[in-house]
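Asker: A single structure is presented below for examination.
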Amino acid sequence: MAGTAERMASNQKQVAISEFFEKNKHFLGFDSLPRSLITAVKEAVDNSLDACEEARILPEIKIQITKLDSNKDIIELKSEDNGPGIPKKSIEKVFGQLLFGSRFHAIRQSRGQQGIGITGVVMYCQLTTGRKTHVRSKIATETSAAIVDIGLDTRKNKATKSGEGRELWELPDGTLKEHGLEITARMKAKYQRGRQSVYQYLRMTSIVNPHADITFVDPDGESHHWPRVTERLPRKVESIKPHPHGIHLGTLQRMCTESTDSRMTVFLRNNFSGVSSRAAKELLAAAEIEEKAKPKLLKADHYRALLEAFQGERMLNDKPVKLLNPPTNCLSPIEELLIKKGLSKTIDSRYVTTMTRAPTVTQGNPYQVEVGLIFGDGMAADKPVEVLRFANRVPLMYQQGGCLLTKAIESVDWRQYGLDQAGGRGVPKGPAAILVHLASTNVQFTSEAKEALADNAEVIDEVRKALLEMGRGLRKHLEKKKKMAKTQEKFELVNDIIPAIAAKAASILDRPVPNLSGSITRIMGAVIAEPTTAWNKETKQTDVSITLFNYTTRARSYTLLASWPERDGATMVNNEQGGRKEATGVWAWKLDTLEPGQTITFTYSLTGLERGDWTDTDIFYRGSQEVIGASKMDEKLLEEIRRQEAATTGEDEVSQDEEVEAAPEAVSENNAEVPAKTGQQTLMGFGGDE
Amino acid sequence: MMSAMHTSEETKTALHAVVEEMYDKIVKGEPPTMTLPVRTKNNIGFDDKLGVYKYGKKRSIRDATSLGSAKQLLRALHVVEFIEEMIDAGKSSTLREMYYISEAWGLGKFSSQNESNNLAEDLEVVTKCMREDFKLRPEEDGARMIGNLTLRERNRRGEWMRINARDDVGDSGYGVPYNVEEEKIELLEHDINFIMAIETGGMFDRLIENGFDEAYKCGLLHLKGQPARSTRRILKRMSEEWDLPVVVFLDGDPWSFRIFASIAYGAIKTAHISEYLATPSATYLGITADDIEAYDLPSDDLSSRDEDALKAELSDPRFADPWWQEQINMMLELGKKAEQQSLAKYGLDFVTDTYLPEKLADLGLA
Ligand SMILES: Nc1ncnc2c1ncn2[C@@H]1O[C@H](COP(=O)(O)OP(=O)(O)OP(=O)(O)O)[C@@H](O)[C@H]1O
Ligand SMILES: [Mg+2]
C-alpha cells in the first residue's frame, strides 16, 4: 500500500483535487452516493477507535445522520467521540492535508494506514456541497474546545479554514466535555438500509470492538445502541520493524536513502525484525555488498541484490540465509470470549462458539485468524448464513464472493457439522452467522478499494483450520442439544404423562391411583444427570444446579465432575457439596449411593463473571452405569490436560525471563504451543464417548 | 340383518377393557399399553364366511415408553371419558367438535384433526364397537339418492317419516343421514331392478336429467368421491335387504379402483367393520382400462403418483383376482386414465343411450 500512497502524494501535486478525486474515487470509497456515506462514517469511526485505543480510553462513539434535502440527497453527518482530541495546531493538518497520518511509517496492525482518510471526507464534502467541515476538538489539558471549519481551495489545492475560535463544549447534562472530537460534515450522499448500510457497518464494528459503546441515530430519528460488553481495552499494539520477507523494492530503497546509519550491518539490524547480526552479515555476503558500505550510498543494483538475498533467491553456500520470524505480539486479536460477547450482543441467540488461532507468519508478515459462529433462533434457517468479514477489526462489506475469507468458508464441508450446504461447497445455509477476522500487520487486499482479501494459500489454510475446529464445536453442540431434547422428553414422560395416565385411568374405572415407581423405573431404565446454569440478577452470580436421578432398579454410586471457567477468573462459592479440584476448570464430587428412584440435587455459584460469560456446564461421571446427560470421564484426557497445565506454567516462567530480549522466533513458537486460553475450549475435548 | 350397534352398557364395558389394560400394567409395575390390530394392507385377509376383507391376527402394542405413544394413551383415556359423558347425557358430537373440545385436555390434547380421527378409529378397532356407538359423527355428509324406492326415517322429534326417493324429493334427491342403522332408517319397498353408485356429481345429475332411473328402473346413488361410511352402509343394506344387484360407475383411474374396493371388499382403514360396510356382490361397471381404448376416450397421462398407486394395488389382496390384475396392468401399459365425463365427447346422451346400456347388457341388467 505504500506504493499507492506515494503515487497519490505525487499525483496530488500535479492534478487538481477534483480531478484527483474523480480518478481515484473507487478506491477512496466515494464511487456511489450510498457508499460515500458509509465511507465517511467509516473514516470517522476508524479514527475514533484508533485514537481511543492509542490513548487507552474506552470509546464512546455517537453517529448521527440527518437528511437535509431529500431531493438533492444532501446529508449531514455528525460524529462524536470521547478520544484524546487533537491539539489546535494539528487540526488543520489532519483534516486539510493529504497523507498527514501519524501511523503511516509504523508497521503494526491499525485501522488507518494511509493518512487520506478523514481529509478525503473533507474533500468530498467540499466538492459535492461546497461547504467546509466543522470540527470541534477538546484536549484534556485545556478548558475550552477548539473549533474551526476546514475546507479545500480546489484551485490552489490548499486547505482553507474559517470560523476559528474556542468555545466551552457543554454536554446535554450540563457538564463540560473532558476530551473528544466532533466532526460535522455536509455531503451529497444517500442513506440506505440492508446488508451494505451504515447500520450494518456500525453493527459489525461493534461486534469486533466489544469495548466500544456505539450509538447511531438514523435519519428517521431512531436511535440504535450497541453497548460496551467489556471494560477491557484491546491489547496495546506494539510497532514492529519490517521483516525482510515482506519488504518491497521501493520501500527498501527509501529506507536506505533516508538512513543515517554508518554501515550496512547496523542498518540491517536496526531497521528490520528477524535479522540477527550473523544474519545481517550473511545477507550482505549473499548480496555481495560490503559490510561497511553506507546505506545512503547504495546503488540501484545493490537494492535488487539485497532484496533477492532477503527472499532467499540469492544464497550463501547454496542455502538461503536463515532469518528469525518477526514477533507476533504486535497483533491485537479480539480473543474468543470477547468475540462471543460481541456476537451475542448484536444477534440475540443461543449458541456462540469462537476460535482464536495462535499467531503465525506469512511472507514476513505476522497474522492471526479468529473465527466465530452464532447459531440458533431468530435467524433464517433456509437462507445462506450471514458472513461477517473483518480485517484488523474493520468490517468488510463489499465483494464478499471474491474474498479469501469467504472462500475459506466455502471450502469447508459444513454438512458434517450440521448445516445445509448444496454439494458440500459454497456458503452454507442455516440459522447461523459466521465471523472471520484476520489480524495482520500487512493485510493484502485484492484491490485498492480494500474490500476483499487477496488469495494466500497459507492464510486460507489457517482460516480453514479455525473453521473446522469451530465446526466440530457446533456439531457437538447440536448433538448435545439432541441428547438433551431426548432426556427432556423422558422427563416429560415420567413426570407428567405417566401420572396423568394413571390418574385418568383410575378415575374412569373408579379405582385408587396406582403406585407409579415401578412403571417409571421400567420406562427410564437409566441414570440421568440434569445440569442447569443460570445468571442470577440479584447476586450477580452464575448459579449452577446439578441433579442426578436414579431411574434404575439398582443402587448406584458415582463421582460427578463439572467444567467451570476457572481460567477466566471465576471463583466457586456456596459449594456445600464440597468435592475437590481435579484439574484447572474441572471440579469433582463423590456422591453417596443413590437408591432406585432416588434423586440428589446440589448447587454452587460462580463469581467473577459477567452475564453471558458462562451459560453451559458440562457434566462428566465416573461409575459403571451410563449417565444420560453426562459424558464418561476420559481419564487419559484429564491426565493430558494436567500435563499440559504443568508445561504451560513452566513455559510462562521462561518467557517472562526472556521478555526483554525475546528472540522473535521463540516468542511465536511459544505462542503456538500454549493451549487455548478459555476453559470451555479445553474442556470440549472431554467425553470419551464421542 | 343384525345391527352394527351396541347398547350403551356394551359400549362402556368394551371401552373399560381398554382402560383396564393400562391400569393393570401400572399396578404390575410395567409401562401402560394399548393392544390393537395392525392397520395396514399387510394385515388384511379375506374372510370366507363374510365375503369381505378383515384385519388379520397381527397385533401391535402401543406402550408408554416413548413420549409420542404415551400421549396417545393419555388421549385415548380422555376420549373414553368424553364418550362416556356423551352416552350418559344422550348427546353426540362430530369428530371435529371432539378435536376442539380436546383443547381443554391439557397434556392429552390433539395436535391435529387427523390424530383425533385416527384415535376414534383405533378405539373402534379395539372395542369392536362402531363410531355410532361412541356418539361420534363424521364431518362429511352422506350421499344423495334418487329412484323409486321408499324408506322410513326417524326425524329429530322421534317421529317416523315415509319418504319416496323419487316422488318426495327435489332434484338433489334424498340426503342420506350419518346414521343409517335400523333405529334411524327402515327400508320399506321399491320398484327397481338394480342400484347404480356413481362417483361424480356431474354424472349423477346427467343421468337424472336424462331420466335414466326411470328408463332403466334403477336407484342412483351419488358417492361423492371416497364414500362416507353411511353411504357404504346404506348401499349394503339395500343390496342385502332388498336383494338388489349393485353396479359401480366411476372414473377410470387408480383412485376409483380403490373406491370400488372399499365398497365391495372393505377399506383398509375400516377393515374391523367390513362386514357392516362392504357389499361383496357389487360389480365394477366402468370406466375400465379397456373402455379407454374401446371407446377412444379423451384421456390424461398417468402421473408418477398414479403409477405408484397402481403398482401398490397389484400387491393389494383385494385386487388379487385375475380380472383386476389384467385391468391394472392394462392401465399401466396404456399409461392413460379417463374421467366418466369424457364420454361427453360423443354428445350428452351418449352415456345413457349407448355406453351404459351396452355395459349393463353385458351384465344382463338391460
Ligand atoms: N477522532 C480523532 N481523535 C484523535 N486524533 C485523530 C482523530 N481522527 C484523526 N486523528 C489523527 O489524525 C490523523 C490522520 O487521520 P486520517 O484519517 O487522515 O489518517 P489515518 O487514520 O492515519 O489513515 P487512513 O487514511 O487509513 O484513515 C490520525 O492518524 C490521528 O493521529
Ligand atoms: Mg483514518
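The values are calculated or read from the model by the stated rules, or taken from the named source; none is laboratory data. As the structure is a prediction and not an experimental result, all values here were calculated from the model. Glycine also receives a Cβ, built like all others from the backbone with ideal geometry; neighbour counts cover every protein chain displayed. Keep in mind that these areas ignore ligands, DNA and RNA; they rest on the heavy atoms of the full protein, side chains included. Shrake-Rupley method; radii C 1.70, N 1.55, O 1.52, S 1.80 Å.
Asker: Principal axes first, then extents: for the Cα atoms of the range B:244-292, list largest minus smallest coordinate on each axis, whole Å, largest first.
Answerer: 35, 25, 11
Asker: Let me ask you something else. Which value at 222 nm does chain B reach when only helices count, each DSSP H run of 4 or more adding -39,500 (n - 2.57), with the total divided by all residues and rounded to the nearest 500 deg cm²/dmol?
Answerer: Working: 13 runs with 143 residues, N = 366.
It comes out at -12000 deg cm²/dmol, rounded to the nearest 500.
Asker: Just name one of A:498, A:474, A:130: the one whose Cα is farthest towards the positive end of the charge dipole of chain A (beta-carbon charges, Lys/Arg +1, Asp/Glu -1).
Answerer: A:130
Asker: OK, next. Averaged over B:23-35, how many beta carbons belonging to a partner chain fall within 10 Å of each residue's beta carbon?
Answerer: On the way: counts 10, 3, 6, 12, 8, 4, 10, 4, 9, 8, 0, 0, 0.
Per residue, the average neighbour count from other chains is 6.
Asker: Of B:143, A:245, A:265, whose Cα points farthest to the positive end of the dipole of the protein assembly as shown (charges on the beta-carbon: +1 Lys, Arg; -1 Asp, Glu; origin at the Cα centre)?
Answerer: Of B:143, A:245, A:265, it is A:265.
Asker: Would you mind pulling out the separation of the Cα centroids of the range A:570-616 and the range B:151-174, in Å?
Answerer: One Cα centre to the other: 78 Å.
Asker: If you filter the range A:223-322 for trypsin sites (Lys or Arg not before Pro), then keep DSSP loop positions with at most 11 other Cβ within 10 Å, what is left?
Answerer: Details: sites: A:228, A:232, A:235, A:236, A:254, A:263, A:269, A:278, A:281, A:292, A:296, A:299, A:304, A:314, A:322; in loops: A:228, A:232, A:235, A:236, A:263, A:292, A:299, A:314, A:322.
Hits after loop and neighbour filter: A:236, A:292, A:299.
Asker: Take the Cα atoms of the range A:493-649, find their three principal axes, and give me the spread along each one in whole Å, biggest first.
Answerer: On the principal axes, the range A:493-649 reaches 70, 38, 21 Å in Cα extent.
Asker: Give me the residues in the range A:474-499 whose solvent-accessible area, probe 1.4 Å, is reduced by at least 50 Å² once all protein chains are included instead of the chain isolated.
Answerer: Correct list: A:493, A:497.
Asker: Determine Rg/Rh for the range A:336-476; Rg is computed over alpha-carbon atoms and Rh is the Kirkwood hydrodynamic estimate from the same atoms. Write down the numbers at each step before the final one.
Answerer: Working: Rg = 14.1 Å, Rh = 15.0 Å.
Expressed as Rg/Rh, it is 0.94.
Asker: Oh, and also: Among the GluC sites (Glu not before Pro) within the range B:1-71, which fall in a DSSP loop and have no more than 10 other Cβ atoms within 10 Å of their own Cβ? The partial results should precede the final answer.
Answerer: On the way: sites: B:9, B:10, B:20, B:21; in loops: none.
For GluC sites (Glu not before Pro) across the range B:1-71 that sit outside H, G, I, E and B with at most 10 neighbouring Cβ atoms in 10 Å, the list is empty.
Asker: Right, here's the next one. To the nearest 20 Debye, how big is the dipole of the range B:53-114 about its Cα centre, given +1 on the beta carbon of each Lys and Arg and -1 on that of each Asp and Glu?
Answerer: Working: 10 positive and 7 negative charges, 115 e Å.
It comes to approximately 560 debye.
Asker: May I have the pair-distance distribution P(r) for the range B:294-357, computed from all Cα-Cα distances with 5 Å bins from 0 and rounded to whole percent?
Answerer: P(r) over the range B:294-357, rounded to whole percents: 4, 16, 22, 17, 17, 15, 8, 1.
Asker: Here's another thing I want to ask about it. Using Cα atoms only, what is the angle between the long axis of helix B:67-89 and the major principal axis of chain B, expressed in degrees (0 to 90) to the nearest 10?
Answerer: On a 0 to 90 degree scale, this one is about 80.
Asker: Let me ask something else about it. Taking the inverse of the average 1/r across all pairs of different Cα atoms in the range A:244-310, what Kirkwood radius in Å do you get?
Answerer: Numbers: mean 1/r = 0.0876 Å⁻¹.
After inverting the pairwise mean of 1/r, the radius is 11.4 Å.
Asker: Accessible area per residue for the protein assembly as shown in Å², computed with a 1.4 Å probe and the full protein assembly in place, what is it? List each step's numbers first, then the result.
Answerer: On the way: 47070 Å² over 1056 residues.
Per-residue accessible area for the protein assembly as shown comes out at 45 Å².
Asker: State to the nearest 20 debye the size of the charge dipole of chain A about its Cα centre, where the only charges are +1 on K and R beta carbons and -1 on D and E beta carbons. Please list the in-between numbers first.
Answerer: Working: 93 positive and 94 negative charges, 339 e Å.
That gives a dipole near 1620 debye.
Asker: Mean 1/r over all different Cα pairs, inverted: what Kirkwood radius does chain B give, in Å? Present the calculation step by step, with values, prior to reporting the outcome.
Answerer: Values: mean 1/r = 0.0451 Å⁻¹.
Roughly 22.2 Å, rounded to one decimal.
Asker: For the protein assembly as shown, build the charge dipole from Cβ charges (+1 Lys, Arg; -1 Asp, Glu) around the Cα centre, then report which of B:177, A:456, B:46 sits farthest towards its positive end.
Answerer: A:456
Asker: How many percent of Cα pairs in chain A exceed 37 Å? It would help to have the intermediate numbers written out before the result.
Answerer: Values: 118544 of 237705 pairs.
Everything past 37 Å amounts to 50 percent.
Asker: If you don't mind, there's one more thing I want to ask. On a C-alpha basis, how far is the centre of the range B:281-358 from the centre of the range A:430-485 in Å? Whole number, if you could?
Answerer: Here the two parts' Cα centres lie 61 Å apart.
Asker: Evaluate the charge dipole of chain B about its Cα centre and quote only its size in Debye, nearest 20, assuming +1 on the Cβ of each Lys and Arg and -1 on the Cβ of each Asp and Glu. Numbers along the way, then the final one.
Answerer: Numbers: 45 positive and 65 negative charges, 277 e Å.
For chain B, the charge dipole is close to 1340 debye.
Asker: For helix A:198-208, what angle does its Cα long axis make with the longest principal axis of chain A, in degrees from 0 to 90 and rounded to 10?
Answerer: 70 degrees
Asker: Also, quick follow-up: Mind checking the angle between helix A:117-129 and chain A's longest principal axis? C-alpha axes, 0 to 90 degrees, to the nearest 10.
Answerer: In chain A, helix A:117-129 runs at an angle near 70 degrees to the longest axis.
Asker: Which GluC sites (Glu not before Pro) in the range A:524-579 sit in a loop by DSSP (not H, G, I, E or B) and have at most 15 other Cβ atoms within 10 Å of their own Cβ?
Answerer: On the way: sites: A:538, A:566, A:576; in loops: A:538, A:576.
Here the GluC sites (Glu not before Pro) that fit, given the DSSP loop and packing criteria, are A:538, A:576.
Asker: While we're on this one: Of all the accessible heavy-atom surface of the range A:290-428, with the other protein chains kept in place and a 1.4 Å probe, what percent is carbon and sulfur? Intermediate results must be reported in sequence, preceding the final value.
Answerer: Numbers: 2730 of 5860 Å².
Ligands and nucleic acids excluded, carbon and sulfur reach 47 percent.
Asker: Run lengths n ≥ 4 of DSSP H only: what is the helix-derived mean residue ellipticity at 222 nm for chain A, with -39500 (n - 2.57) per run over all residues, to the nearest 500?
Answerer: Numbers: 18 runs with 233 residues, N = 690.
Theoretical 222 nm ellipticity from helices: -10500 deg cm²/dmol.
Asker: Quick one: which bits of the range A:523-540 get at least 40 Å² less accessible when the partner protein chains are in, versus the chain alone, with a 1.4 Å probe?
Answerer: The answer is A:523 - residues whose exposure falls by at least 40 Å² when every protein chain is included.
Asker: Got a number for carbon plus sulfur as a percent of the range B:144-362's accessible area, 1.4 Å probe?
Answerer: Numbers: 3890 of 8790 Å².
Percent of accessible area from carbon and sulfur atoms in the range B:144-362: 44.
Asker: Okay, next question. Take the alpha carbon atoms of the range B:40-119, find their center, do the same for the range A:512-569, and report the distance between the two centers in whole angstrom.
Answerer: The two parts, judged by their Cα centres, are 36 Å apart.
Asker: How much of the calculated P(r) for the range B:227-366 lies past 18 Å, in percent of all Cα pairs?
Answerer: Working: 5616 of 9730 pairs.
Here the tail beyond 18 Å accounts for 58 percent of pairs.
Asker: While we're looking at this one, here's another question. Roughly how big is the B-A contact, given as buried accessible area in Å² (both sides, 1.4 Å probe, nearest 100)? Intermediate values should be presented prior to the final figure.
Answerer: On the way: alone 16530 and 32700 Å², together 47070 Å².
Buried area between the two chains comes out at roughly 2200 Å².
Asker: Work out how far the C-alpha atoms of the range A:475-584 reach from end to end along every principal axis, then list the three figures in whole Å, largest first.
Answerer: 60, 34, 33
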